[in-house]
Amino acid sequence: MAIDYGPASTGVARGAPPPGGFGVAAGPGAAVIRVPAALGELDRVAAFVLDLGERAALPHDALYRLRLAADELATNIVMHGYRGASGEITVDGGIDPDQVWIRFQDDAPAFDPRQGMRPPALDRPLAERRIGGLGVYLAFTAVDVFAYDLVAGRNVSTLVMLRRAEPRPPGGTDADHGPIE
Amino acid sequence: MSFDVRLRVDERTAVIDLSGELDAATAPRFHDTIDQAATAGAIELVIHAKQLSYLSSAGLRSLVFARQKMGDEVRIAVVGAPEPVARTIRLAGFDHSIHLVDA
């Protein structure tokens, strides 16, 4: 799976994407929701992602992973961004010919969620593990791109899932996950 | 999006049935149920996950809590987890100390 370990550069500004980056442009296929920064509200983020992925005919496996990444990111914004303070998360997303993207914007203190990522310490007994950072790790490994930018004081995180497989036929299965590369 | 968790203790085996979506909003209920199971003195914890359609890191956190609360001698098994759920458990490396059965 291609993972963007490079500098955070998503081309979130509308217009031409930066060289080598994953551009997202809010076009006719884009949608947006605003949700309060509270765990009990994150169902709406999941519903938004699932709807977008269904419309893009993402295979079930890819859609599950995109939803997982979005859920972990949104949870992270609530818990570590706003830290219990009231606030709002703006979520938009779109379907491009080669990718589906979800973008999160919030006004919590500047905070790159990827900095908190911590791969599981497999050499330690489970009961002694520090679990912080696991959600971001799951998100990072679930999608093709997990990018972050600070734009005019706002935190902007973007998740991208490439559209690799053929669209599912109506009522079809997700048996074919498509080629990895 | 729904979530349900049920606990029964047979002899000294605690059985937890999970269904629906286990995320940050619903994990506290799972956490509380694990606490009850540990308090009941179970020596084995069996978590039926066939109907669990979604698992986030919040649910994984509860599994760590189960391991911490119940001690190393208690066998913990997750049974019948759907593939995406099982994959998350494996990716986090939890399958070394929690048995994945029929997954």
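As a summary of the residue check, B:Tyr54 satisfies the conditions (1) hydroxyl-bearing (Ser, Thr, Tyr); (2) crowded, with 20+ Cβ neighbours inside 10 Å; (3) touching a Ser or Thr at 6+ places or on another chain (Cβ under 9 Å) except for the one numbered (3).
When residues in the range B:1-33 are screened for being assigned to a strand (DSSP E or B), of a type outside the set (Val, Ile, Thr) and within 30 Å of A:Phe48 (Cα to Cα), 9 of them pass.
Tallying residues that are modelled with pLDDT under 95 and either under 20 Å from B:Leu91 (Cα atoms) or β-branched (Val, Ile, Thr) (or both) within the range B:35-60 yields 2.
Out of B:Ala14, B:Ala103, B:Ala38, one residue alone is more than 12 Å from every other protein chain (Cβ to nearest Cβ) and crowded, with 21+ Cβ neighbours inside 10 Å. It is B:Ala14. Checking the structure you have, find out if any residue of the range B:27-34 is within 12 Å of chain A (Cβ to nearest Cβ) and at pLDDT 95 or above. Yes, the range B:27-34 contains at least one residue that is within 12 Å of chain A (Cβ to nearest Cβ) and at pLDDT 95 or above.
Applying the condition of being more than 17 Å from A:Pro113 (Cβ to Cβ), crowded, with 16+ Cβ neighbours inside 10 Å and acidic (Asp, Glu) to the range A:42-87 and asking which residue is nearest to the other protein chains (Cβ to nearest Cβ) yields A:Asp43. The C-beta contact set for the range A:130-153 (first residue more than 14 Å from chain B (Cβ to nearest Cβ), second residue of a type in the set (Asp, Glu), distance under 6 angstrom, 6+ apart or interchain) comprises A:Val145/A:Asp4; A:Tyr148/A:Asp112. Taking the range B:46-95 as the range and being of a type in the set (A, V, I, L, M), more than 15 Å from B:Leu22 (Cα to Cα) and either more than 13 Å from chain A (Cβ to nearest Cβ) or more than 9 Å from the chain's Cα centre (by Cα) (or both) as the test, the residues that pass are B:Val46, B:Met70, B:Val74, B:Ala77, B:Val79, B:Leu91, B:Ala92. Does at least one position in the range A:4-17 carry a residue that is modelled with pLDDT under 95, among the charged types (D, E, K, R) and within 16 Å of A:Val143 (Cα to Cα)? Looking through the range A:4-17, at least one residue is modelled with pLDDT under 95, among the charged types (D, E, K, R) and within 16 Å of A:Val143 (Cα to Cα).
Filtering the range A:96-129 down to residues that are within 14 Å of chain B (Cβ to nearest Cβ) and aliphatic (A, V, I, L, M), which residue is nearest to the chain's Cα centre (by Cα)? Ranking the qualifying residues of the range A:96-129, first place goes to A:Met117.
The values are calculated or read from the model by the stated rules, or taken from the named source; none is laboratory data. The shown structure was predicted, so the numbers you read here are calculated from the model rather than taken from an experiment. We place every Cβ from the backbone using ideal geometry, glycine too, and count neighbours over all the protein chains shown.
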